[in-house]
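Q: Questions regarding the structure given below will be posed in turn.
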Amino acid sequence: MSDIYEALVEIVGKDYVSNQKEERYFYGRDPGLMKPHEPDYVVMPRTTEEIQEIVRLANKEKTPVVPKGAGLSLTGLVIPQKGGIVLDMKRMERILELNEKARYVIVEGGTTHGVLKSYLQKHYPSLRHSMPDSPPIATVVANAVIHGQGRLTQQRGFNSDMVSGLEVVLPTGEICRIGSCSVSPYWFSKGPPLPDLTGLFLGWFGTTGIITKLGLKLYPCKKIRDVMLFLTDRAELVPDIMLKLGHTEMMEDIVVSTQPIPLRFKGNFFILVFMTGDSDEEIEFKRKMAWDTLWEYFDSRDGGFVSITPDMKTPMMAMPSKDTTRFADVRKGGGFEYSGPIAPVEKYPDFVKKLEELASNYNLSYASAARVIDGGHCMMFSFSYTFNRADPDEMDRAKKALDEAAEFSLDQGGVIWKPNIDEQKMMMARMDPNTLRLMGKIKELLDPNGIMNPGNWEAK
Amino acid sequence: MQEYANQIHRCFRCGYCTFPTDYSYFNCPSYRRFRFESYSTGGRLWLTYAWVKGEIEWSEHLAEILYSCTTCKNCVEQCPMKFASDIVEWIVGARSDMVEKSKIPLEVGRFFEAVQVYGNPLKLPGSERGAWADGTKRYESGDEYLFYVGCLGSYDENGQRMARSLAELLKEAEISFGILGSEEKCCGNEVYMLGEMGLFQLLAEKNIQKFKEHGVRKIVTLSPHAYNAMKNNYLKFGADFEVYHYTQLLYDLAKKNTIKFSQNQAKVTYQDPCFLGRYNKIYDEPRQILQGIPGIELVEMERNREDSFCCGGGSGNFVMDLLAGGEESPGRVRVREAYETGADTLAVACPSCMIMFMDAAKEEGLEDRLSIKDVAQIVKESLLLEQTT
Ligand SMILES: Cc1cc2nc3c(=O)[nH]c(=O)nc-3n(C[C@H](O)[C@H](O)[C@H](O)COP(=O)(O)OP(=O)(O)OC[C@H]3O[C@@H](n4cnc5c(N)ncnc54)[C@H](O)[C@@H]3O)c2cc1C
Ligand code: SF4
Ligand code: SF4
């Protein structure tokens, strides 16, 4: 046994360290299409202090450390590009504190969205958080680290905008508090009125530290939730429809999806408009606002609301949406990945055209869901392609389609969300050189030995 | 290689299967116990696929991962994919490939050997199989039911208590029944789940033949495991018996007022056995029996029915206990959960749950605060006196 293995056992106990082939194999890949690379060790810490010790050891041994939630970002962000230690954070799973009056919750670095949702429903049914549609094992911290989006993103911005404080183990081992919690016992603000230092950690994919606690803002959970479905076959109308719905400031979430299967769906755009209310009157009023807002399209015969049967409604309302996950197996292949540019909503028609063009060029099955962000400042548009894990050729085609989609999105002025290491390079190549230098300096300052998730955001 | 090998790549490793319906906490007993994702359903399926593809070699550790699944079917209930209902069959298929190649954990090998040599996994003599049953008669042609007792009911002290309670109740209710005693053999459910298909077939065929020789038409089982094997997996070997779990029979007797209850003050929570609940959708009968007893207050654990948390004993683990060790072993987790309901009694309907929980309650120091009783025993204690005399 190596010294590092023994030292890790000393820190977390032998049940929570593995250097066996099976764990190295599994933690060396994710469900997406990036090339696998195995870690040397998989470790499951339980406390901030254990993480501190692991980081100190890693500095001493100059071995990489890669924090991992559920590995569901699909773009290989948790694949240890240079081996080393993968930290499976999911044993740090507690919900530490909930401040009902200041409306925030503090969770540990590996608490899952599923557990948080269930906890709120049970104990604080009038509060909610912005639940993404990723499977429920996705972790709250990692979702914020990659600037995820959820059910409240249309109203409140990226899920990372809803962070209200952090505790971080720096790459050099110090514990650091960020936000109001750095000067106060309360975790109500991630920055203001102080300098907002969360920017040193969110979006960095674990390359600048390991988040061990995160404060998250909670929002009112209204008693009733409903959904309406607007259908149009004209992609060019979608941006205005998104903006008009956003203008009402009344919709919970706006998601536009398109897919060619079943055939009757092809060429149609399904605009799901979610709303919440504390009374039937409130819901009715919001429904009416949605109707009135989109009436002109009905008048011009360009679209209309479609009635939703209870059978259709249940999966639409589910949080998270299981249908999103089911896409992986629509062709019995077990795989899908999406490139998800963040871009102005006006790009929707061009993106859809590209989505279909790539699917046809590479002979792939596709789908897309676009979520409006923050009332319409931008959207997340997904170029999703499914692939069969048992068919290397199809996997290769899907990867090529995603690479092209990423290039295209950048050309169109989009910014790639949760970029894989190649896409990070593409973006850094286009980045303002001074910004890139600043990123490099920050990284060097925080992580002098370059141990944290190396291969990612290598801003040289 | 079997059918699973062409399908298993379809798992997306999304992790839905690790949760119950409300996502409150992890519900795959093996993931809950070990916490490496390799021990989750997705981990098992991906590693098995890697083995099928030749990307990893067989190892003790791989076999241990595959065999730490208790076949509880939480994943089948929760996986959102169309193939969900096949997951456990895929795991069993992979196990049977390992069995064929003689690449199985030592404990599993010992389990098979014991069943083969002794007719039970506890390595006890077949001649003693009916020793518990003082006064219970052998099955005779014309009896309405064969009471199939199973290995734990026959040999384990706690299982025997269950078997006696049930036998006495059936006598009380004047049901015509009998047992096979030393002629009874292991039902093979665990052997099936552990992937020894040849041995399972042998056991199934022998049992079916024996039942037919005796002219058996209806079988009532003590264990949900035997109920599952006989009801579902014996069919392809020519079984044509009616099979009941004892809770179904007791429910029927209570409904018809054949058994009547007096007061029994207790606060009871009920454990859904995987092979009764998720496998065979019997959730209501045991509850209705308990609720029908005056004075019994039935309280639910947070995870119940389809979301129930396995005791950790499935797939032969009531003997091998591959998930043992530490506070996170499923049995210990579950007795804590039962205790947290405020119940004084944890009711079970399966001898495997019974022995797992008896051990777990001791380890948790709860043995004086939480009685573990089987539904038949609770019913027996609650019978109107005139019936019990
Ligand atoms: C079917 C499906 C639907 C999805 N829908 C959505 C959606 O609606 N909205 C959305 O936002 N996303 C969605 N996703 C993408 C992704 O699953 C989520 O964003 C998810 O929250 C990522 O969490 P994770 O725990 O899986 O992250 P991981 O992939 O494990 O980690 C992501 C990054 O965070 C870093 N990290 C992890 N933990 C820490 C820590 N404690 N400290 C520092 N860095 C850390 C990792 O190193 C990595 O760089 C979806 C994915 C799938 C498969
Ligand atoms: S078995 Fe189903 S739910 Fe579990 S990881 Fe695989 S696809 Fe997801
Ligand atoms: S059957 Fe139970 S133990 Fe086995 S993988 Fe599924 S949930 Fe886990």
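Q: How many residues does the range B:18-54 hold that are more than 7 Å from every other protein chain (Cβ to nearest Cβ) and not basic (Lys, Arg)?
A: First, the residues of the range B:18-54 that are more than 7 Å from every other protein chain (Cβ to nearest Cβ): B:20-21, B:26-34, B:39-42, B:44-45, B:48-49, B:51-54.
This time we only want the ones that are not basic (Lys, Arg), so: B:20-21, B:26-31, B:34, B:39-42, B:45, B:48-49, B:51-52, B:54.
Going through the range B:18-54 one residue at a time, the tally reaches 19.
Q: Does at least one position in the range B:170-186 carry a residue that is surrounded by 24 or more Cβ atoms within 10 Å (Cβ to Cβ), modelled with pLDDT of 95 or more and among the small types (Gly, Ala, Ser)?
A: no
Q: Looking at residue B:32, is it near ligand 3 (Cβ under 9 Å from one of its atoms), in contact (Cβ under 8 Å) with a residue 12 or more places away in the chain and open to solvent by 10 Å² or more (accessible area, probe 1.4 Å)? Outline the logic, then answer.
A: Details: near ligand 3 (Cβ under 9 Å from one of its atoms): yes; in contact (Cβ under 8 Å) with a residue 12 or more places away in the chain: yes; open to solvent by 10 Å² or more (accessible area, probe 1.4 Å): yes.
In short, yes.
Q: Checking residue A:348 against (1) under 30 Å from residue B:19 (Cα atoms); (2) away from ligand 1 (no atom under 16 Å from the Cβ), which test does it fail?
A: Here residue A:348 meets the rest and fails (1).
Q: Quick check: is even one residue across the range A:28-50 more than 16 Å from residue A:90 (Cα to Cα), free of Cβ contacts under 8 Å to residues at least 12 places away in the same chain and part of a helix (DSSP H, G or I)?
A: No - not one qualifying residue is present in the range A:28-50.
Q: Quick one: how many residues across the range A:385-402 are closer than 29 Å to residue A:151 by Cα and open to solvent by 10 Å² or more (accessible area, probe 1.4 Å)? Before you say what the answer is, go through the steps one by one.
A: Keep residues of the range A:385-402 that are closer than 29 Å to residue A:151 by Cα, which gives A:385-387, A:398-399, A:401-402.
Then drop every residue that is not open to solvent by 10 Å² or more (accessible area, probe 1.4 Å), which leaves A:399.
Residues meeting the conditions: 1.
Q: Please list, ordered by first then second residue, the pairs with beta carbon atoms under 7 Å, 6 or more apart or interchain, first in the range A:435-460 and free of Cβ contacts under 8 Å to residues at least 12 places away in the same chain, second among the small types (Gly, Ala, Ser).
A: Matching pairs, first to second residue: none at all.
Q: Condition (residue is in contact with a strand residue (DSSP E or B) (Cβ under 9 Å, 6 or more places away or on another chain), of a type in the set (A, V, I, L, M) and either at pLDDT below 95 or not in a strand (DSSP E or B) (or both)) applied to the range A:203-217: is it met by at least one residue?
A: No - not one qualifying residue is present in the range A:203-217.
Q: I need every pair where a residue in the range A:300-327 that is within 24 Å of residue A:118 (Cβ to Cβ) has its Cβ under 7 Å from the Cβ of a residue that is open to solvent by 60 Å² or more (accessible area, probe 1.4 Å), sequence separation at least 6 or different chains.
A: As it stands, the answer is A:315/A:323, since those pairs meet every condition given.
Q: Sticking with this structure for a sec: Here is a check on your reading of the model: is residue B:100 among the acidic types (Asp, Glu), under 21 Å from residue A:17 (Cα atoms) and away from ligand 2 (no atom under 16 Å from the Cβ)?
A: Working: among the acidic types (Asp, Glu): yes; under 21 Å from residue A:17 (Cα atoms): no; away from ligand 2 (no atom under 16 Å from the Cβ): yes.
Considered against the rule, which asks whether it is among the acidic types (Asp, Glu), under 21 Å from residue A:17 (Cα atoms) and away from ligand 2 (no atom under 16 Å from the Cβ), residue B:100 comes out as no.
Q: Here's a follow-up. Condition first: within 13 Å of chain B (Cβ to nearest Cβ) and either open to solvent by 10 Å² or more (accessible area, probe 1.4 Å) or within 16 Å of ligand 2 (Cβ to nearest atom) (or both). Now tell me which residues in the range A:108-124 satisfy that. Spell out how you get there, then give the answer.
A: Taking the range A:108-124 first, the residues within 13 Å of chain B (Cβ to nearest Cβ) are A:110-123.
Selection gives A:112, A:113, A:114, A:115, A:117, A:119, A:121, A:122, A:123.
Q: Could you list, in sequence order, all residues of the range A:258-290 that are surrounded by fewer than 17 Cβ atoms within 10 Å (Cβ to Cβ), in a helix (DSSP H, G or I) and in contact (Cβ under 8 Å) with a residue 40 or more places away in the chain?
A: A:280, A:282 - these are the residues of the range A:258-290 that are surrounded by fewer than 17 Cβ atoms within 10 Å (Cβ to Cβ), in a helix (DSSP H, G or I) and in contact (Cβ under 8 Å) with a residue 40 or more places away in the chain.
Q: Kindly establish whether residue A:139 is open to solvent by less than 10 Å² (accessible area, probe 1.4 Å), under 17 Å from the mean Cα position of the chain (by Cα), more than 8 Å from ligand 1 (Cβ to nearest atom) and hydroxyl-bearing (Ser, Thr, Tyr). Walk me through it before giving the result.
A: Details: open to solvent by less than 10 Å² (accessible area, probe 1.4 Å): yes; under 17 Å from the mean Cα position of the chain (by Cα): yes; more than 8 Å from ligand 1 (Cβ to nearest atom): no; hydroxyl-bearing (Ser, Thr, Tyr): yes.
No, not satisfied.
Q: I've got another one for you. Quick one: which residue in B:125, B:80 is within 16 Å of ligand 1 (Cβ to nearest atom) and either of a type in the set (Gly, Ala, Ser) or more than 21 Å from the chain's Cα centre (by Cα) (or both)?
A: Numbers: B:125 fails: within 16 Å of ligand 1 (Cβ to nearest atom).
Exactly one residue qualifies, and that residue is B:80.
Q: Residues of the range B:50-74 being open to solvent by 10 Å² or more (accessible area, probe 1.4 Å), within 16 Å of ligand 2 (Cβ to nearest atom) and over 25 Å from residue B:106 (Cβ atoms), which ones?
A: Once the filter is applied, which keeps residues that are open to solvent by 10 Å² or more (accessible area, probe 1.4 Å), within 16 Å of ligand 2 (Cβ to nearest atom) and over 25 Å from residue B:106 (Cβ atoms), the range B:50-74 yields only B:73.
Q: Tell me, yes or no, whether the range A:140-155 has at least one residue that is closer than 30 Å to residue A:60 by Cα, of a type in the set (Gly, Ala, Ser), within 14 Å of chain B (Cβ to nearest Cβ) and assigned to a helix (DSSP H, G or I).
A: There is at least one residue in the range A:140-155 that is closer than 30 Å to residue A:60 by Cα, of a type in the set (Gly, Ala, Ser), within 14 Å of chain B (Cβ to nearest Cβ) and assigned to a helix (DSSP H, G or I).
Q: What's the number of the condition residue A:335 fails, among (1) modelled with pLDDT of 95 or more; (2) open to solvent by less than 30 Å² (accessible area, probe 1.4 Å); (3) more than 14 Å from chain B (Cβ to nearest Cβ)?
A: (3)
Q: Next question. So which of A:101, A:90, A:117 ends up being closer than 21 Å to residue A:55 by Cα and either outside any strand (DSSP E or B) or assigned by TED's automatic domain parsing to the domain that holds residue A:68 (or both)?
A: Values: A:101 fails: closer than 21 Å to residue A:55 by Cα; A:117 fails: closer than 21 Å to residue A:55 by Cα.
Answer to the selection: A:90.
Q: With B:314, B:331 as the choices, which residue is part of a loop (DSSP other than H, G, I, E, B) and in contact (Cβ under 8 Å) with a residue 12 or more places away in the chain?
A: Values: B:331 fails: part of a loop (DSSP other than H, G, I, E, B).
Going through B:314, B:331 in turn, just one is part of a loop (DSSP other than H, G, I, E, B) and in contact (Cβ under 8 Å) with a residue 12 or more places away in the chain: B:314.
Q: From (1) assigned to a loop (DSSP other than H, G, I, E, B); (2) touching a residue at least 60 places away in the same chain (Cβ under 8 Å); (3) open to solvent by less than 10 Å² (accessible area, probe 1.4 Å), pick out the condition that doesn't hold for residue B:286.
A: Failing condition for residue B:286: (1).
Q: Got a sec? Which of A:86, A:105, A:55 is of a type in the set (A, V, I, L, M), within 14 Å of chain B (Cβ to nearest Cβ) and open to solvent by less than 10 Å² (accessible area, probe 1.4 Å)?
A: Values: A:105 fails: within 14 Å of chain B (Cβ to nearest Cβ); A:55 fails: within 14 Å of chain B (Cβ to nearest Cβ).
From the options A:86, A:105, A:55, the qualifying one is A:86.
Q: Hey, any hits in the range B:223-230 for a residue that's farther than 26 Å from residue B:87 by Cβ, of a type in the set (Phe, Trp, Tyr) and in contact (Cβ under 8 Å) with a residue 40 or more places away in the chain? So that I can check it myself, show each step before the final result.
A: If we filter the range B:223-230 for residues that are farther than 26 Å from residue B:87 by Cβ, which is where we start, we get none.
No, the conditions are met nowhere in the range B:223-230.
Q: Something else now. Does any residue of the range A:359-380 turn out to be in contact with an Asp or Glu (Cβ under 8 Å, 6 or more places away or on another chain), of a type in the set (D, E, K, R) and open to solvent by less than 40 Å² (accessible area, probe 1.4 Å)?
A: yes
Q: Which one is nearest to residue B:42 (Cα to Cα), of the residues in the range A:389-444 that are within 14 Å of chain B (Cβ to nearest Cβ) and in a loop (DSSP other than H, G, I, E, B)?
A: A:389
Q: Working carefully through the options A:171, A:185, A:136, A:193, find the one that is within 16 Å of ligand 3 (Cβ to nearest atom) and either more than 14 Å from chain B (Cβ to nearest Cβ) or not acidic (Asp, Glu) (or both).
A: On the way: A:171 fails: within 16 Å of ligand 3 (Cβ to nearest atom); A:185 fails: within 16 Å of ligand 3 (Cβ to nearest atom); A:193 fails: within 16 Å of ligand 3 (Cβ to nearest atom).
Within the list A:171, A:185, A:136, A:193, the selection yields A:136.
Q: Could you check, for the range B:246-257, whether at least one of its residues is on the phi > 0 side of the Ramachandran plot, over 16 Å from the mean Cα position of the chain (by Cα) and more than 16 Å from ligand 1 (Cβ to nearest atom)?
A: Taking the range B:246-257 as the starting set, the residues that turn out to be on the phi > 0 side of the Ramachandran plot are B:257.
Filter again for over 16 Å from the mean Cα position of the chain (by Cα), leaving B:257.
Next, only the ones that are more than 16 Å from ligand 1 (Cβ to nearest atom) stay: B:257.
Looking for residues that are on the phi > 0 side of the Ramachandran plot, over 16 Å from the mean Cα position of the chain (by Cα) and more than 16 Å from ligand 1 (Cβ to nearest atom), one finds at least one in the range B:246-257, hence yes.
Q: Give me the residue from the range B:1-17 that is touching a residue at least 40 places away in the same chain (Cβ under 8 Å), within 13 Å of ligand 3 (Cβ to nearest atom) and facing another protein chain (nearest Cβ under 7 Å) and, out of that set, surrounded by the most Cβ atoms within 10 Å (Cβ to Cβ).
A: Checking each candidate, the answer is B:11.
The values are calculated or read from the model by the stated rules, or taken from the named source; none is laboratory data. Keep in mind that what you see is a predicted model, and the values were worked out from it rather than measured. As a convention, Cβ positions derive from the backbone with ideal geometry for all residues, glycine included, and neighbour counts pool all protein chains shown. With ligands, DNA and RNA removed, areas are computed over all heavy atoms of the protein, side chains included. Shrake-Rupley method; radii C 1.70, N 1.55, O 1.52, S 1.80 Å.
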